[in-house]
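Just below is one structure, and these are the notes that go with it.
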Amino acid sequence: MAQSNRVGQTSDTGNAGTEGVTLETHSSASKRQFESNGSAYGVQVGSSDLIFFEGILPEESGVVMSEHSIEDQTDLCLDRLQSVLAASNLTLEDVMKIEVQLTDIGTRDVVDDVYKRRFDGSYPPRTTTGVYALPGNAGIQLDVVAAIE
């Protein structure tokens, strides 16, 4: 049976919307996530053989490259994914699942072509959804689950 805990945290960073936040949690993993980063985006929750990367955007030097083609944006997302995977001593071969959000679902075929080229025939399962908008006017965003072996 899940135990409910109340966690209150006040941010000193000046981030809008995080001051005086009270979060009711139902597991220690969600409490750890909230306390570790204080934002809506996390990297890893708890301790398991899985690692979660979310909000991977087509960025260069912290700037979203929204003016690039969806092909180039997809390559940039996968470049960033490879970089964060490498920081955890992982590669694209360790990816178990990808969730792709596209602002134009009609670009799915272009994303498929990049996906095929970058994953060398061993494709992790993928869910693709259309969304109204993404941060920085990006055309694509990735959420990824990888396995630590």
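The values are calculated or read from the model by the stated rules, or taken from the named source; none is laboratory data. Given the structure is predicted, the values throughout are model-derived calculations rather than measurements. Every residue, glycine among them, receives a Cβ derived from its backbone with ideal geometry; neighbour counts consider all protein chains shown.
Observations, loosely collected:
- Residues satisfying the criterion are present in segment 100-115 (criterion: assigned to a strand (DSSP E or B), in contact (Cβ under 8 Å) with a residue 40 or more places away in the chain and assigned by TED's automatic domain parsing to the domain that holds GLY55).
- Residue that is surrounded by 12 or more Cβ atoms within 10 Å (Cβ to Cβ) and part of a loop (DSSP other than H, G, I, E, B), where the choices are LEU81, LEU90: LEU90
- Scope segment 55-78; condition part of a strand (DSSP E or B) and touching a strand residue (DSSP E or B) at 6+ places or on another chain (Cβ under 8 Å); matching residues: GLY55, ILE56
- Qualifying residue in segment 38-54 (condition: under 17 Å from GLY136 (Cβ atoms), at pLDDT 55 or above, in the same structural domain as ASP109 (by TED's automatic domain parsing) and part of a loop (DSSP other than H, G, I, E, B)): no
- If the condition is being under 14 Å from the mean Cα position of the chain (by Cα) and under 13 Å from ILE56 (Cβ atoms), then segment 79-96 contributes ASP79, ARG80, LEU81, GLN82, SER83, VAL84, LEU85, VAL95.
- Taken over segment 132-146, the residue count meeting the criterion of being under 15 Å from the mean Cα position of the chain (by Cα), closer than 14 Å to GLY106 by Cα and assigned to a loop (DSSP other than H, G, I, E, B) is 1.
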